[in-house]
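Everything on this sheet refers to the single structure shown next.
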């Protein structure tokens, strides 16, 4: 291994500076953990003399372990800041092809993903994946970890097709090398199901998720954390398919377990609470949904930050609940705030941004701003058709809402065209019995009755 000098200050000195920054930003817990990992200050002089001295490498290894600990506990910001330092030192000291350097890259990808910095996660994830493919081979377990993390980053960007293709490739390799029943393979199956659900392929997602939950509860190989994740994913798929009682049962189970094991401030717990609130919203249990939505927003702002995508989506969810509660001013304020921030953070064509804007269009309509609502709804529909596809459930929901706005304006021809398109596409993608398909058929029938009545009235007047 070639030796490369560490430029600038020694690792312990740089790490202490970072710990001081943590402490100044009211992150004293993380600062104390870092200071403990760094070791006594009297080792700094020896460390500065030789980048590969025992104390420096030991410190570097301890800090790398701490990065993983931060990741496990959902402390994304601390993991990202410390992970960037560890990667910089490892890369400058040992080069990018060093195995530990590539591991540091992979940890930083996970931290970026957790912070919602999906562009940074993809950029570094592609680099780490390509390095490991070239040096270790595509079928190496570490390469597969990088590929899985890159797929997660693609999902964060809303690049669901890219994520699904990569998930399929990882699953293919793991099934071949480790077997279908290996715990790592099961995790990859769950990732693929998530990609399917994001694409609106709910039946395929449900099939995988049901199988995982059943296997997980029967065998000891799966961890409790994995089983809870699979149950949470299955609950979301149930909710998307209109199986609300099944979704609620699983959502409540996951929330209770994660509150107990991870605490109420962990990002996974917040996701579970937000999911349960979504189920309550669809059930029309507005008070229950509002209570949970407000908890998620308040905790997310504190633990993840105001501009984190998860925080911004929780604000958008709360806006939707407020609208349904008749709290229109707050709904408009929160909706505009989240939609604007998501556009800045993720871009105007990201699925999260489009979802928030679509919800904002509904709020405008309820507020009597029909022209603004129809203009925004049309813009979102066009972008969703381009980015998500014409048959994606989210696209069809926006088209359905826009059709209802046309009905309110008495534009029955355009409303009828939308209603027929929504029904036909939901029938083919969601199935005849899905609640959304049933609602679309009722809408189409109602418009047909109105149009028939108008035609009859016109004929009567012409006689």
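The values are calculated or read from the model by the stated rules, or taken from the named source; none is laboratory data. None of these values were measured; they are calculated from a predicted model. Neighbour counts are summed over all protein chains in view; Cβ atoms, including those assigned to glycine, are modelled from backbone coordinates with ideal geometry.
The table below lists the values:
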quantity	calculated
Total residues in segment 410-434, condition on the phi < 0 side of the Ramachandran plot and surrounded by fewer than 19 Cβ atoms within 10 Å (Cβ to Cβ)	12
Close pairs (6 angstrom Cβ cut-off, 6 or more residues apart or separate chains): surrounded by 18 or more Cβ atoms within 10 Å (Cβ to Cβ) in segment 234-257, not in a helix (DSSP H, G or I) anywhere	242/434
Where residue 221 falls short, out of the listed (1) in a helix (DSSP H, G or I); (2) within 24 Å of residue 74 (Cα to Cα); (3) at pLDDT below 95	(1)
Candidate set: segment 338-352, residues that are in contact (Cβ under 8 Å) with a residue 24 or more places away in the chain and in a loop (DSSP other than H, G, I, E, B); chosen: the one surrounded by the most Cβ atoms within 10 Å (Cβ to Cβ)	350
All helices (runs of 4 or more DSSP H) inside segment 353-444 with 2 or more residues being in contact (Cβ under 8 Å) with a residue 24 or more places away in the chain and more than 21 Å from residue 342 (Cα to Cα)	393-408, 412-429
Breaking point among (1) within 18 Å of residue 152 (Cα to Cα); (2) in contact (Cβ under 8 Å) with a residue 40 or more places away in the chain, for residue 209	(2)
Members of segment 352-386 that are within 25 Å of residue 428 (Cα to Cα) and in contact with a helix residue (DSSP H, G or I) (Cβ under 7 Å, 6 or more places away or on another chain)	352, 354, 355, 358, 359, 377, 378, 380, 381, 383, 384, 385
Matching residues, segment 34-72, being touching a helix residue (DSSP H, G or I) at 6+ places or on another chain (Cβ under 8 Å), modelled with pLDDT under 85 and either within 20 Å of residue 304 (Cβ to Cβ) or part of a helix (DSSP H, G or I) (or both)	41, 43, 44, 46, 47, 48, 55, 56
Given (1) under 26 Å from residue 258 (Cα atoms); (2) at pLDDT below 90, index of the condition residue 31 fails	(2)
